[in-house]
1. Once the Cβ-Cβ distance between Glu208 and Ser177 is put in as r, and R0 is 25 Å, what FRET efficiency do you end up with, to the nearest 0.05?
2. Amide H to amide H under 5 Å from Ile57: which residues, 5+ apart in sequence or cross-chain, H placed 1.01 Å off N in plane?
3. Just how many % of Cα pairs in the range 142-257 lie over 25 Å apart, if you round to the nearest whole percent?
4. For the pair Ile85 and Asp148, how long in nm is the line joining their label points, each one 7 Å along Cα→Cβ?
5. Over the range 130-282, what relative contact order in percent results from Cα pairs under 8 Å that are six or more residues apart?
6. Which of the residue pairs Lys92/Lys175; Lys11/Lys253; Lys11/Lys223; Lys175/Lys196 have a Cα-Cα distance greater than 26 Å in the structure shown?
7. Tell me, in nm to one decimal, what length is gained between Lys92 and Thr245 on full extension, where the rule is 0.36 nm per residue of separation less the Cα-Cα distance?
Amino acid sequence: MGRLRKPEWLKIKLPGGEGYAQVNSVVKQHGLHTICSSGMCPNIAKCWGNGVATLMILGDICTRSCKFCATTTGKPLPPDPNEPIKVARTVKLMGLSYCVITSVDRDDLPDRGAAHWRDTVKVVKAENPGTSVEVLIPDFDGKSELIDIFLESQPDVVGHNLETVERLTPQVRTKASYGRSLQVLEYIAKRGFRVKSGIMLGLGETHEEVIQTLDDLLSVGCKMVTIGQYLQPRPNNLPVQRYVTPGEFDELKQIALEKGFEFAECGPLVRSSYHADKAKHLVKGCCS
């Protein structure tokens with residue numbers, strides 16, 4: 001099968017402008033990483049231009065090599081002990097009322113990075129008391145004792161992505177599993193936290209499988225979801241099997257809301273943190 005031609009609705013604006021330059025400067029000033037650039041996000045021009053960025057902690061080298069992801073795989077450097085305060089100051093400089101933090105997988109660390117996660121979110125909240133913090137976490141190998149360490153930081157929203165439907169998970173993700181991710185979401189939801197997840201379309205899934213995934217998420221207490229188009233970041237990543245139309249995404253959003261999701265962001269360019277601050281009204285006072 002040859003490479004599919006990208007449709008008009010996926011053509012994006014190149015990065016630039018005053019807002020983009022300001023965010024880029026702040027991030028570089030503190031020596032931080034963003035999933036926006038490491039993950040080759042198609043929304044980087046729009047988000048950075050509006051003063052929004054998803055900060056990535058624990059370095060920019062991942063210990064896993066998922067077939068959809070553009071992040072570099074290899075042996076990471078030790079965690080930066082000054083990173084929590086650097087992130088907190090960056091959030092303050094950007095004047096964020098709602099920030100999103102994510103990380104690479106750190107299977108090389110005994111606690112998978114849980115303590116560093118805890119410390120980062122705690123410092124961000126202490127330095128920015130009026131800021132809501134949404135996180136997009138790895139699975140911590142599904143170990144409840146590691147998840148508990150991280151949850152001490154009291155994040156406002158905890159995101160963990162399924163990435164795809166159950167049947168395609170072994171082809172798309174390397175170490176993570178569909179069942180384990182659902183267990184992680186369920187464990188966190190039962191602890192009283194608001195949980196969020198996301199999937200990509202265009203990898204060969206069927207409509208019925210997407211609906212089943214939505215039902216699976218609801219069954220574990222997840223009522224926030226994002227659904228976007230998979231875009232092949234590099235030649236060695238999985239090829240796109242199909243470009244899903246904007247109309248199909250609109251239909252899925254309506255289905256998700258009718259099923260009981262409180263937040264559903266669905267569209268060709270939607271990513272995990274896309275329009276995350278639209279959920280401010282849901283998280284106000286959450287887990288306080």
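Rule-based calculations on the coordinates, nothing more; no lab input. Everything numeric here is computed off the predicted structure, so don't read it as measured data. Here the Cβ positions follow ideal geometry from the backbone for every residue, glycine too, while neighbour counts run over all protein chains shown.
1. According to the calculation, E is roughly 0.75.
2. Residues meeting the criterion, in which the H sits 1.01 Å from N, are Thr102, Ser103, Val104.
3. The proportion of pairs with Cα distances above 25 Å equals 25 percent.
4. Taking the two extended label points, one gets 3.1 nm.
5. Reported as a whole number, the value is 21 percent.
6. Values: Lys92/Lys175 35 Å; Lys11/Lys253 22 Å; Lys11/Lys223 30 Å; Lys175/Lys196 20 Å.
Where the Cα-Cα span goes over 26 Å, the pairs concerned are Lys92/Lys175; Lys11/Lys223.
7. Result for the pair: 51.3 nm of gain on full extension.
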